[in-house]
1. In nm, to one decimal, how far is the residue 299 label point from the residue 109 one, both placed 7 Å along Cα→Cβ?
2. Determine which residues of region 174-218 fall in the zone a paramagnetic label at residue 160 would reach in this model, i.e. backbone nitrogen under 13 Å from the point 7 Å along Cα→Cβ.
3. On a full-extension model of 0.36 nm per residue, what is the gain between residue 198 and residue 220, subtracting their alpha-carbon distance, rounded to one decimal in nm?
4. Once the Cα gyration tensor of region 314-368 is found, what semi-axes does its equivalent ellipsoid get, as square roots of 5 times the eigenvalues, in whole Å, sorted largest first?
5. What does the highest-first list of 31-42, 332-343 look like by mean Cβ count within 10 Å?
6. Roll a 1.4 angstrom probe over the protein heavy atoms and tell me the percent of accessible area of region 301-368 that is carbon or sulfur.
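The values are calculated or read from the model by the stated rules, or taken from the named source; none is laboratory data. Everything quoted here is computed from the prediction, not taken from an experiment. Cβ atoms come from the backbone with ideal geometry, glycine included; neighbour counts cover every protein chain shown. Side chains included, ligands, DNA and RNA excluded: accessible areas come from the protein's heavy atoms. Shrake-Rupley method; radii C 1.70, N 1.55, O 1.52, S 1.80 Å.
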Amino acid sequence: MSALLLLLVLVLVLVLVPVPVGAVAVPQERLLLGALGISERPRTGLRGSRPQRHDVPPALWRMFRRSELERVRAGESEPCAVSEYGVRGNIIRYVQDQGAAVPGSGTACPGCVDRHLFFNLGAMESSEVLSLAQLQVHFPGRADLLRSGPALSAVLYKVVRPTLKGGGGDVGADRRLLLSQSVRPGPRGASVVSDVTALAESWRRPARNHGLLLEVRPLEADPDRSWAAPPVRASLVVVSLHPQQCRSRRRRSAARASPPVSPSNVCKARRLYVDFKDVGWQDWIIAPQGYVANYCHGECPFPLSDSLNSTNHAILQTLVHSLDPDGTPQPCCVPVRFSPISMLYYDNNDNVVLRHYQDMVVDECGCR
């Protein structure tokens, strides 16, 4: 049984017998989650009955909408490539910073910030190939700033061995310099972006992730005004490739003219809409709310017409079936062309994930 057929069977079971929100996943649901590459149903936390779209980073929304437009246009885009970052991948995660400010860091240095950054990559499966890890540190702007604010020095260290609770350790052997950059936040703020792919790869090994230490210092003082330490928001964009879910795509056939009207019992694609609310997943899937999966059903009668996308073998089998119906079955009505979908959802750490799935929508059926 193909992975797509198994997925459709499991979806039908769950739609017909929905799982109550908050209930323990039934075996069918666990199989369906596994087919989607998700180990367990994410917890709802405090988000309410439906995730809020405004919680999704704008960059992920743009990627999701672009992938939807390409699917609707039946383009030849490669879902296993993330063009925005120029790398291969079918999973994009925005991992939230779980660190905290180092206590007392601004006491001796007004306007200074020492922050421990920590990104949990435990949701990544061992089979995933890490393509990119990009650190994004943002200093929000202020509406009352008519011009750029004071210049800042942002220094980033890799924590080799933590020595302070929630902190980054002492200067020297406990840290390694990764980046030193000056920024000047304007009304719209400012950002520091750094490629930390090699470091993130090391974090996947047990007991190797001690996080980062970010030091922010004012480069210049303004005697006419007091200046408080700036707020800091940090996130990690992680792009990975799941090889089992990113095989070489089947070559899409050229656009066909609409086939002639045929009897309803002849092989063709039938509509199947999967509503995630019926499955009980509306509390962690952000978008889409459902999708048209479709399925193939119908007979492959003799003689087979061109509209049934038949192979030479199927034509021969149909001919033999017409002569010996008891000894030779008819060819099967199966999917011959698919298209992908993309899905935005929250994982168990409340990180927003954009994932591309191949061969999820049956576009065309044929006799094989």
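1. 8.2
2. Flagged as within label range: 174-178.
3. Values: separation 22, 0.36 × 22 = 7.92 nm, distance 3.37 nm.
That works out to 4.5 nm of additional length.
4. Details: eigenvalues 371, 23, 5 Å².
They are 43, 11, 5 Å, listed largest first.
5. Numbers: 31-42: 17.0, 332-343: 19.7.
Those peptides, ordered most packed to least, come out 332-343, 31-42.
6. On the way: 1630 of 2900 Å².
Taking all protein chains in place, region 301-368 shows 56 percent carbon and sulfur surface.
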